[in-house]
Amino acid sequence: MQQHQVAMLGTGLIGDFYTMTLHGQRSRDSVRIVYSRSAERGRAFQDRWSIPESTTDMRAAIEHPETDVVVVGLPNFLHEEAIALTAAAGKPVLCTKPLGRNADEARRMLESVEKAGIFGGYLEDLCYTPKTLKAVKAVRAGAIGDVTWVRSRETHPGPHSAWFWDGRLTGGGAIIDLGCHCIEIIRNYVGKDNRPVEVLCHTDTLVHPIADEDNAIALIRFESGAIGQFEVSWTFRGGMDLRDEVAGTDGTVWVNNFLRTGFEMFSAGGSGGYVAEKAESARGWLFPVGDEVVELGYVDMFSDMFRAIDAGTPPQETFYDGYVVNAVMDACYRSANSRRWEPIELFEWRGGVAPRIGAGREPERHEGMVVIKREILPDGRHKLILKDETSGDFTDRVVAGA
């Protein structure tokens, strides 16, 4: 298996998580050079992770002769420049979320990568959490029947760096920062062949004196009839809440990826040190996370990306996926302004045609009537809710248990 030498662009929190993963988990891959806009931060990052070189020249980092993969962990407004330079250099590129500040920007990046014929991977870590991977596999195997509704929630007290709060640099507020995760999680559960059709979204700025939203909720309607729902907030207190719920015709999935994962600790002194990302206190009842790079999906994400590079196949999350996410977010902002359902505008749909929920399924019948619902009573008998298709009337019937 090939060993990769990485040019890491960015020295913020995400750069730390990415490098921690590469150096501490896969181990055979390593960061050869790091780029930072600040020489001081670059040298500190270099020393922290034992990286041979640091530079303030983005082009030099990308074109470094000893690297074969570029990882973009930069603020949103620098993604397009970094990807254009990487495409020109002809190297595989992995870009953090969101791909662009809007769908037009994301489309340009997608086209530059495809025109250059290079590998493009979308680093959407929360689609790679161990719980999500297992849950999605079960859903795709039919464990809960047809997916009817997916709810994805990400909330925390707000971003850790100043540039996140400036919509001119990011493209928006909490939707751009957090909604991108939720949208792609939803797409994985409903199926990527299931075209997102339209959006209804509400945004508000409730707490912070900023120009962009610090809270938002949206509904996404898919071609199959399934509904995706996301909730995002920069004003949630108590840490980072990452939860997903999936409802199907034959079952339900609940996933809690962070905050309440079964690890709880009480500290009266507050001397336990780092608890977890976005934790607001080290005192009182705490909810530590055992291994964040695993729990947040970074290990499986990079493993998938490098396996795909080695095999010459697409990864689970592609630049096209990143583009679709940006298109959905654009529709969210249009809907928040118009206060109505807005269509999701895609320059091209590369998925399939999703069948309607329940297509081809014959309903259960009893004495010539359609069974709407079957319920087991305390004594073991079954209560049936029935519909007469001729009259349209509903009735109930108690029968012996099957």
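Report whether or not residue 293 is closer than 30 Å to residue 167 by Cα, at pLDDT 80 or above and not in a strand (DSSP E or B). Considered against the rule, which asks whether it is closer than 30 Å to residue 167 by Cα, at pLDDT 80 or above and not in a strand (DSSP E or B), residue 293 comes out as yes. In the range 234-260, of all residues being touching an Asp or Glu at 6+ places or on another chain (Cβ under 7 Å) and polar (S, T, N, Q), the one that is surrounded by the most Cβ atoms within 10 Å (Cβ to Cβ) corresponds to 257. Condition (residue is charged (D, E, K, R) and over 18 Å from residue 258 (Cα atoms)) applied to the range 288-305: is it met by at least one residue? Checking the range 288-305: at least one residue is charged (D, E, K, R) and over 18 Å from residue 258 (Cα atoms).
Out of 133, 85, 169, I need the residue that is surrounded by fewer than 24 Cβ atoms within 10 Å (Cβ to Cβ) and under 22 Å from residue 354 (Cβ atoms). Which one?
The match here is 133.
Of the residues making up the range 92-113, those that are without any contact (Cβ under 8 Å) to a residue 60 or more places away in the chain and either among the acidic types (Asp, Glu) or surrounded by fewer than 20 Cβ atoms within 10 Å (Cβ to Cβ) (or both) number 3. Among (1) closer than 26 Å to residue 224 by Cβ; (2) surrounded by fewer than 20 Cβ atoms within 10 Å (Cβ to Cβ); (3) touching a residue at least 24 places away in the same chain (Cβ under 8 Å), where does residue 348 come up short? All conditions are met except number (3). Selection over the range 300-315 of residues that are outside any helix (DSSP H, G or I) and buried (at least 21 other Cβ atoms within 10 Å of the Cβ) gives a count of 1. Whenever a residue of the range 12-33 is not assigned by TED's automatic domain parsing to the domain that holds residue 54 and charged (D, E, K, R), it has no partner that is part of a helix (DSSP H, G or I) and modelled with pLDDT under 90 lying with C-beta atoms less than 7 angstrom away and at least six residues away or across chains. Among the residues of the range 114-130, those identified as more than 20 Å from residue 179 (Cβ to Cβ) and buried (at least 17 other Cβ atoms within 10 Å of the Cβ) are 116, 118, 119, 120, 121.
Can you find, within the range 135-165, the residue that is modelled with the lowest pLDDT among those that are among the polar types (S, T, N, Q) and more than 10 Å from the chain's Cα centre (by Cα)? Looking at residues that are among the polar types (S, T, N, Q) and more than 10 Å from the chain's Cα centre (by Cα), I get 161. For residue 297, the requirement of being touching a residue at least 60 places away in the same chain (Cβ under 8 Å) and either buried (at least 16 other Cβ atoms within 10 Å of the Cβ) or not charged (D, E, K, R) (or both) is met. Restricted to the range 166-250, the set of strands (runs of 3 or more DSSP E) holding at least 2 residues that are over 19 Å from the mean Cα position of the chain (by Cα) comprises 196-204.
Looking only at residues of the range 255-275 that are more than 28 Å from the chain's Cα centre (by Cα) and hydroxyl-bearing (Ser, Thr, Tyr), we find that the one that is modelled with the highest pLDDT is 267.
The values are calculated or read from the model by the stated rules, or taken from the named source; none is laboratory data. Just so we're clear, the structure is a prediction, and the values are computed from it rather than from any experiment. We place every Cβ from the backbone using ideal geometry, glycine too, and count neighbours over all the protein chains shown.
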